[in-house]
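Single-structure report; data block below.
The values are calculated or read from the model by the stated rules, or taken from the named source; none is laboratory data. Owing to the predicted nature of the structure, the values given are computational and were not obtained by experimental measurement. Ideal geometry is used to build each Cβ from the backbone, glycine not excepted, and the neighbour counts take in all protein chains shown. Quick note on the areas: whole protein, heavy atoms, side chains included, nothing else; ligands and nucleic acids left out. Shrake-Rupley method; radii C 1.70, N 1.55, O 1.52, S 1.80 Å.
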Amino acid sequence: MKNITLLGATGSIGDSTLAVIALHPDKFNIFALSANTNWQKMRVLCEKFQPKVVVMADAMAAEKLSKVVNNIEVLHGSNALNTIAAHDQTDYVMAAIVGSAGMPSSLAAVKAGKRIMLANKESLVLAGDLFMQAVADNNAELIPVDSEHCAIFQCLQSGKSGLSKIQLTASGGPFLHTPIEQLKTITPDQACAHPNWSMGRKISVDSATMMNKGLELIEAHYLFNLPAENIDVVMHPQSIIHSSVYYNDGSTLSQLGNPDMRTVIAYALSYPDRITSGVAPLNLADNSPLEFYAPDLDKFVCLKLAFDALKQGGNAMGTLNAANEVAVDYFLNNKIRFLDIAEIIERTLDSVPHSRITSLEDAVANDKITREVACIIAQSYA
Ligand code: NAD
Ligand code: MG
């Protein structure tokens, strides 16, 4: 029996994780759950999964929850997230908080040598060098929870000998074939209507701008220890091939499946074994034809900005991420237009001085400064 701490329990990855765990009560037990403010949903989860501890990031939400649950310790604040992530009774941590807010608790799990199932890709974008060093130093077990990286992780079980490149597939989101002209008037709901994947709103906008693929490029760089030159992106609107690895003998290995994160989560929970996930088997004949295109970097500027930030190194990736979080938040609140997102990120990258990230404090300070700069720039579009 493995004790699970699920950070970000009320989100999309949280839902899928609990759905897989509910299929295997003999293998997994929920030790702790966390969420930001949604105490009503957490109350329902507490009744169903009976965790020992719950952390609400928001103090008021914690107070409300504590009045309606019994025999569950209710804590609040970001230090409490670190506590449950590193707790003696935690075996596996699902890191599924959205945004840079998820980084400290992911790192706490790593430092405690846990199996960390990492959905929070922002942790690697913000502090990838420190994070991977901490994984090595503490013998943590890092399993990617991103469909592309899980695919590559699976394909690389055959080894890295003769590896020439890895290739991330990208659906292109809802606007793959939409001309740039029409992108000017896109609403948040249109941007969040992903054709294949059902996800939280921030990552849905990231998919529409293709910043999600940009963040995933950086995530792949750290997870698989490869330079930008050995990672590329191909557009594949059906999201059936989740990613591929290319070897120098002409072999290409890909992982396929229906687009459903429960497959990825089941793999992370059961690795190196496999368990059922509740996902229907793939029927290739039903998904024909599978299409592939080269990405259009003039249209999807965010992807180009991410390639540039990775090549630049240092704080550029954290700056890219923080500027993106600010711009996406403005967009989701109807304060700026869709195409302003990339412009705000680019101008923020031009404004924040380049520096090295040598500590967690550096990463957090850069995140904070960048948010201030990005807010000032975003205000000028609002
Ligand atoms: P979501 O918005 O649906 O859920 C986010 C969760 O984080 C919620 O439980 C929320 O309460 C919590 N949260 C938000 N802000 C917080 C804060 N400041 N402090 C503490 N908790 C906070 O997001 P999601 O789609 O589940 O994505 C979660 C992470 O997984 C993201 O990093 C995303 O990039 C990654 N991811 C998601 C998918 C997907 O299919 N949804 C796929 C791959 C990777
Ligand atoms: Mg992904």
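May I have the pair-distance distribution P(r) for the chain, computed from all Cα-Cα distances with 20 Å bins from 0 and rounded to whole percent?
The percentages, shortest bin first, are 29, 61, 10, 0.
Tell me what the chain gives for mean residue ellipticity at 222 nm when only DSSP H runs of n ≥ 4 count, each as -39,500 (n - 2.57), the sum divided by the residue total, rounded to 500 deg cm²/dmol.
Rounded to the nearest 500, it is -14000 deg cm²/dmol.
Kindly report the accessible area of the chain per residue (heavy atoms of protein chains, probe 1.4 Å, no ligands, DNA or RNA), in Å².
On a per-residue basis, the chain sits at 42 Å².
Which lysines have a Cα less than 22 Å from the Cα of Lys2, not counting those fewer than 8 places away in the same chain?
Candidates past the 8-residue exclusion: Lys27, Lys48, Lys52, Lys111, Lys114.
Hey, any idea what the orientation-averaged projected area of the convex hull of the stretch 147-310's Cα atoms comes to, in nm²?
Result: 10.3 nm².
Treat each spin label as a single point 7 Å out from the Cα along the C-beta direction, and report the Arg356 to Lys311 distance in nm.
Once both label points are built, they end up 2.3 nm from each other.
May I ask you to give the percent of accessible area on the chain that is carbon plus sulfur, with a probe radius of 1.4 Å?
50
With labels modelled as points extended 7 Å from the Cα through the Cβ direction, what inter-label distance (nm, one decimal) is found for Gln238 paired with Asn71?
Here the answer is 5.0 nm between the modelled labels.
Given the pairs Lys121/Lys202; Lys41/Lys64; Lys64/Lys202; Lys202/Lys335, which are separated by over 20 angstrom at their Cα positions?
Beyond 20 Å between Cα atoms: Lys64/Lys202.
Any chance you could tell me what percent of the C-alpha pair distances in the stretch 259-315 go past 19 Å?
So the portion of pairs separated by more than 19 Å is 62 percent.
Take the alpha carbon atoms of the stretch 313-382, find their radius of gyration, then divide it by 2.2 N^0.38 Å using N residues; give the quotient.
Against the empirical 2.2 N^0.38 Å value, I get 1.06 for the stretch 313-382.
How far apart, in nanometres, would the label points at Asp26 and Gln133 be if each is projected 7 angstrom from Cα along the Cα-to-Cβ direction?
4.5
With unit charges on the beta carbons (Lys and Arg positive, Asp and Glu negative) and the dipole taken about the Cα centre of the stretch 147-310, which residue among Ala268, Phe175, His236 sits farthest to the positive side?
Ala268
Of the candidates Glu148, Glu63, Glu181, which one comes out as most mobile in a Gaussian network treatment of the chain with C-alpha springs shorter than 10 Å?
Maximum fluctuation in the GNM of the chain, among the listed residues, is at Glu181.
For the stretch 2-145, report the % of Cα-Cα distances exceeding 23 Å.
For the stretch 2-145, the share of Cα pairs beyond 23 Å comes to 27 percent.
By how many nm would the segment from Asp58 to Asn225 lengthen if fully extended, with 0.36 nm per residue of separation less the alpha-carbon distance?
56.5 nm
Please compute the volume of the convex hull spanned by the alpha-carbon atoms of the stretch 237-382 and report it per residue in Å³.
Cα convex hull per residue, to the nearest whole number: 200 Å³.
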